[in-house]
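A.B. asks: First, the structure itself, so that you have it in front of you.
Read the figures in this text as sums done on the coordinates, not as results from a lab. Because the structure is predicted, anything quoted here is derived from the model rather than measured. Methodologically, a virtual Cβ is constructed for each residue, glycine included, from the backbone with ideal geometry; neighbour enumeration extends over all protein chains shown.
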Amino acid sequence: MATKINETLETLLSHRSVRRFTDDPVAAADIERVVTAGQAASTSSAVQAYCLIRVTDASVREQIAELSGPQAMVEKAPAFFVVCGDARRHRLVCEREGGAYKAGFEGFVVSVIDATLFAQNLAVAFESMGYGLCFVGGIRNDLERLTALLELPEGVYPLYGLVVGRPDQSPDARPRLPVSAVLFEDRYPDDATVFEQIDAYDAVYRAYLEARGATPKTWSSSMAGKLGKPLRPGLASFYEGRGADLS
Ligand SMILES: Cc1cc2nc3c(=O)[nH]c(=O)nc-3n(C[C@H](O)[C@H](O)[C@H](O)COP(=O)(O)O)c2cc1C
């Protein structure tokens, strides 16, 4: 017999990104609790290769909002955080133990995976408390400047931001691909099947945008427009310059 829907599933299924907030603050005790929930996520061999930087300095927030788009929510949301992959403490302990940090590309991948498991746990914990949030990839528009603004040391890799607050909007859920398009048994489907799934989803996606008053586009054309050119081409050299080994 299938498991009944429970509060955890309800929280997960009611996710939508929130970009407008009331002036209510995010309680310090709630931040501590959600970070603890974030840390409870699985972590490769307990490396815990992440950190979270809460940015409270108004001038720094204004500048990050600017370089992120501009995206006003970064400046105006009750709380703004930067999620980082963090190999700093691993470099320090390797050196203190008489060696050197040499984890290679796998070390960088692990930090991105660990940070993202942490961040998603944290996001769900916030949502379970009635907060709304939106991740902010826009911070990667200018990682050099972000790193200087936050005075980040070598080995700390900013990945994305997170704005949080009490929702002042209740957007409709953005439709996802059908389960059959992401859950496969034993074999990846052939391209004709993939296209069938995409075509069905394109119609749903277009109707969703139309209902929101946005320019109606299919998911296919959005993806082709977005992914048909290199995205933020300086990223690899930036992360390498901060100590990541991407070779
Ligand atoms: C890593 C990441 C970065 C994102 N960056 C931005 C951003 O810079 N600005 C923004 O408005 N939304 C951003 N989003 C939100 C996505 O656009 C949103 O999650 C997606 O369209 C699905 O909508 P939903 O979250 O409402 O379900 C980001 C989401 C993720 C996971």
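A.B. asks: Could you please report the charge total around S44, scoring K, R as +1 and D, E as -1 over all other residues with beta-carbon less than 11 angstrom from its beta-carbon?
C.D. replies: With Lys, Arg at +1 and Asp, Glu at -1, the net is -2.
A.B. asks: Have a look at E127, E106, E210 and tell me which one the Gaussian network model of the chain (Cα, springs below 10 Å) gives the largest fluctuation.
C.D. replies: E210
A.B. asks: Summing -39500 (n - 2.57) over the DSSP H runs of n ≥ 4 in the chain and dividing by its residue number, what mean residue ellipticity at 222 nm do you reach, to the nearest 500 deg cm²/dmol?
C.D. replies: -14000 deg cm²/dmol
A.B. asks: State the dimensionless ratio Rg/Rh of region 138-245 (Rg: radius of gyration of Cα atoms; Rh: Kirkwood radius).
C.D. replies: Rg divided by Rh gives 1.08.
A.B. asks: Follow-up. Using the basic label-point model (7 angstrom from Cα toward the beta carbon), what is the T3 to V204 distance in nanometres?
C.D. replies: Here the modelled spin labels are 2.2 nm apart.
A.B. asks: Excluding residues fewer than 8 places away in the same chain, name every one of the lysines whose C-alpha is closer than 29 Å to that of K217.
C.D. replies: K226, K229
A.B. asks: Using alpha-carbon pairs under 8 Å, 6+ residues apart, how would you state the relative contact order of region 86-197 in percent?
C.D. replies: Here the relative contact order equals 26 percent.
A.B. asks: While we're here: How long are the three semi-axes of the equivalent ellipsoid for the chain, computed from the Cα gyration tensor as the root of 5 times each eigenvalue, in whole Å, largest first?
C.D. replies: Working through the eigenvalues yields semi-axes of 31, 24, 21 Å.
A.B. asks: Could you state the number of Å between the C-alpha centres of region 81-128 and region 176-247?
C.D. replies: Answer, in whole Å: 26.
A.B. asks: In Å, what is the Rg of the alpha-carbon atoms in region 189-247, and how long is Dmax?
C.D. replies: My reading of the Cα-based Rg and Dmax gives 17.3, 46 Å.
A.B. asks: Within 10 Å of each residue's Cβ, count the other Cβ atoms and sort C134, C94 from fewest upward.
C.D. replies: The order, fewest Cβ neighbours first, is C94, C134.
A.B. asks: G132's amide H: which non-local residues (gap 5+, or another chain) put their own amide H closer than 5 Å, with H modeled 1.01 Å from N in plane and none for Pro or chain starts?
C.D. replies: G165, R166
A.B. asks: Using only the Cα atoms of region 79-169, what are the Rg and Dmax in Å?
C.D. replies: 15.3, 54
A.B. asks: Ratio of alpha-carbon Rg to the 2.2 N^0.38 Å globular estimate for region 32-96, to two decimals, please.
C.D. replies: 1.40
A.B. asks: Using a 10 Å cut-off around each Cβ, can you sort R19, R89 from fewest to most neighbouring Cβ atoms?
C.D. replies: So the residues, fewest neighbours to most, are R89, R19.
A.B. asks: Can you give the Kirkwood hydrodynamic radius of region 18-139 from its Cα pairs, in Å with one decimal?
C.D. replies: 15.7
A.B. asks: Exposure proxy check: S111, S68, S221, S247 ranked by fewest other beta carbons within 10 Å?
C.D. replies: Neighbour counts put them in this order, fewest first: S247, S221, S68, S111.
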